[in-house]
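Structure first, commentary second.
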Amino acid sequence: MFNNNHLSSLGDTSKMRIAVVGSGYVGLVAAACFAEIGHQVFCIDNDGAKVAALQRGETIIHEEFLPELIARHKGERLQFTTSLSEGLNGASIVFIAVGTPPCANGEADVSVLDSVCSEIARSVDGFKLVVVKSTVPVGTNKRIARVLQRYGAHPSCFRVASNPEFLREGTAVADFLYPDRIVLGCNCRRSSELLTRAYKPLLDGGYAASSSAIPAPDNAQIPARVVLTSSASAELIKHACNAFLAMKISFVNAIANICEANGADVEEVVEGMGSDQRIGSRFLKPGIGFGGSCFPKDLKALRAVAHESGYDFRLLAEVMQINEDQRANFVRKVRQALWTLKGKQLGVLGLAFKGGTDDVRESPAIAVIHRLLKEGCRVSAYDPAATARARAEFPEGAEITFTKSAYAAATDADALLVLTEWEEFAALDLQRLRAPMKQPILLDGRNLFSPQQMEKAGFTYYSVGRPEVIPELEPRDSSREAA
Ligand code: NAD
């Protein structure tokens, strides 16, 4: 068990040299945050265009506080390179944060990780702790040690450890600097001591107390808690967490469907469920389901790991199926609201897989739009950050245009669809939104608005697991009836 008292014996950590391989959502945030807590960091990526943009000071991804951190440390504590050997030079820890996408059979594809390790083995210039931050199947750390050895690294020159990342896109910087816990999967003391030194300013509260610290979120765990485990357990913790969170979302979506069929309100059900401390309300948010680069692939990967281990984890297949069905249910709802979809003009609010990010990987919003286009709709879509990435998801000639504001997306629409829960949408002027629409019909796939609010604003309103709002027709004119 980890004891925070050990930290005082670790001495000054300010000059650790750290390399981070991969400058995507995880690698870039980790690199900027390690620089922020005092380390000398090299972030390495084999994508030359990305590295050039980062060297120019561009943030390349949409994340709160990331531009500030990059501006604060670039060229000093934080450097970018395409050269692995330059980045590794003198580093005592190498974090690997490259992608681990799914193979056709659902298994995680760890080939990029393998190839990075083979390159690291050839560039070793002294002892290195190789830390896997990418999400990987249990057993990967062991395999990586073999790869390092096979490509020429002497076993005395390296150790391998697991340090899964739990940041959420949209709040990634705050999640990294104020984590609920830091999981260190280490099979030896040397590894755990090095990793503990790397995270020391988060573990002793030093970072949070500094005057220039990024503001801590409400209820932040300060100092951060460490969960010290074997590398195999750490690998499994990450997969188990993501699978469990995805299961909570699918569970509440299944409950929402029962609510709809019986006139119950899922928000009331969630309030009753979530106030049970054993359950908690987080991730009990009904909607059009989960997406992103992690949950779908990690569910498949864990199922594949279970299968390899001789266990058929059928629950995970059902979690995925409910998620898929939820998108189809929403499209059905749009069709029911409009009678027919062919030729309809739809305004869409939200393209990112969730609010606060520009990431559209496995975005439920994109999946729903594809279905609607297939049914013959025309779509006018707005997203505060994800439009550039979303464009690439549609073929040339697709009946979709991208607007610069939510109000423009609503113009001439037969219905307006909320597909991503951006805070910006919740603050829209509803009268201004309604005025240019052909019909004031709003379908809220994220339960962002309340039925009461929509009723007041004069919308016909459909959401997920809650009673619909259908404004009463104007009272008939009885004098005309008599005539
Ligand atoms: P990403 O695709 O955004 O980034 C991966 C980066 O690695 C890219 O910039 C790519 O150019 C670079 N890369 C690929 N091959 C390389 C090589 N040979 N050398 C150097 N760089 C190389 O991926 P991501 O979203 O940051 O995810 C990385 C890992 O972290 C995945 O395993 C993912 O499951 C896990 N993870 C992601 C999140 C998240 O929210 N995105 C959260 C926790 C964990």
query: Reachable aspartates and glutamates from residue 142, Cα under 14 Å, same-chain residues fewer than 8 places away excluded?
result: 114, 235
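Considering Cα pairs under 8 angstrom that are at least six residues apart, work out the relative contact order of the chain and quote it in whole percent.
On the way: 947 pairs, mean separation 55.2, N = 483.
For the chain, the relative contact order is 11 percent.
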- line: Placing +1 on each Lys and Arg Cβ and -1 on each Asp and Glu Cβ in the chain, then taking the dipole about the Cα centre, the residue among 84, 307, 148 whose Cα reaches farthest towards the positive end is 148
task: Work out the count of Lys pairs in segment 325-462 where the Cα-Cα distance is under 18 Å, with the pair 8 or more places apart or on different chains.
output: 7
- line: 1/(1 + (r/R0)^6) with r = Cβ-Cβ of residue 430 and residue 150, R0 = 45 Å, i.e. FRET efficiency to nearest 0.05, evaluates to 0.15
- request: Can you spot the lysines whose alpha carbon is less than 17 Å from residue 15's alpha carbon? Ignore those fewer than 8 places along the same chain.
  value: 74, 128, 200
field: Extreme residue, positive dipole direction of segment 325-462, given options 441, 336, 451 (C-beta unit charges)
entry: 336
message: About the Cα centre, and with charges only on the beta carbon of Lys, Arg (+1) and Asp, Glu (-1), how big is the dipole of the chain? Nearest 20 debye, please.
response: 1240
- line: HN-Hα couplings for segment 38-53 via Karplus (6.51, -1.76, 1.60; θ = phi - 60°), in whole Hz with x for Gly/Pro, come out as x, 8, 9, 10, 10, 9, 10, 9, 8, 8, x, 5, 4, 5, 4, 5
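Report the relative contact order of segment 345-483, percent, no decimals, based on alpha-carbon pairs under 8 angstrom and at least 6 residues apart. Can you show the working numbers first?
On the way: 259 pairs, mean separation 30.8, N = 139.
Relative contact order of segment 345-483: 22 percent.
Taking a probe of 1.4 Å, how large is the accessible area per residue of the chain, in Å²?
Working: 22030 Å² over 483 residues.
Roughly 46 Å² per residue, with all protein chains present.
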- line: Note: residue 104 to residue 262 extended length (0.36 nm per residue) minus current alpha-carbon separation gives 53.0 nm
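Quick check: at a probe of 1.4 Å, how many percent of the accessible area of segment 5-229 sits on carbon and sulfur atoms? Don't skip to the answer; put the middle values down first.
Values: 4330 of 9200 Å².
Percent of accessible area from carbon and sulfur atoms in segment 5-229: 47.
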task: Read phi for every residue in segment 23-37 and hand back ³J(HN,Hα) as whole Hz from Karplus 6.51 cos²θ - 1.76 cosθ + 1.60, θ = phi - 60°, with x for Gly and Pro.
output: 10, x, 4, 7, x, 5, 5, 4, 4, 5, 6, 5, 5, 4, 8
- prompt: Which of 280, 295, 269 sits closest to the plus end of the dipole of segment 247-401, meaning its Cα is farthest towards the positive end, when Lys and Arg get +1 and Asp and Glu get -1 on the C-beta?
  reply: 295
query: Once the whole set of protein chains is in place, how much accessible area is left on residue 307, using a 1.4 Å probe, in Å² to the nearest 10?
result: 130
message: Test of understanding: extend the Cα→C-beta vector of residue 188 to 7 Å, then name every residue of segment 155-174 with backbone N under 19 Å from that spot.
response: 155-163
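About the Cα centre of segment 325-462, what is the dipole size in debye to 20, counting +1 per Lys and Arg Cβ and -1 per Asp and Glu Cβ, all else neutral?
Values: 19 positive and 17 negative charges, 87 e Å.
I would put it at about 420 debye.
The values are calculated or read from the model by the stated rules, or taken from the named source; none is laboratory data. Bear in mind that the values here come from a model prediction, so they are computed numbers and not experimental data. A quick note on method: Cβ atoms are made from the backbone with ideal geometry, for glycine too, and the neighbour counts reach across all protein chains shown. Please note that ligands, DNA and RNA were not included when accessible areas were found on the heavy atoms of the full protein model with its side chains. Shrake-Rupley method; radii C 1.70, N 1.55, O 1.52, S 1.80 Å.
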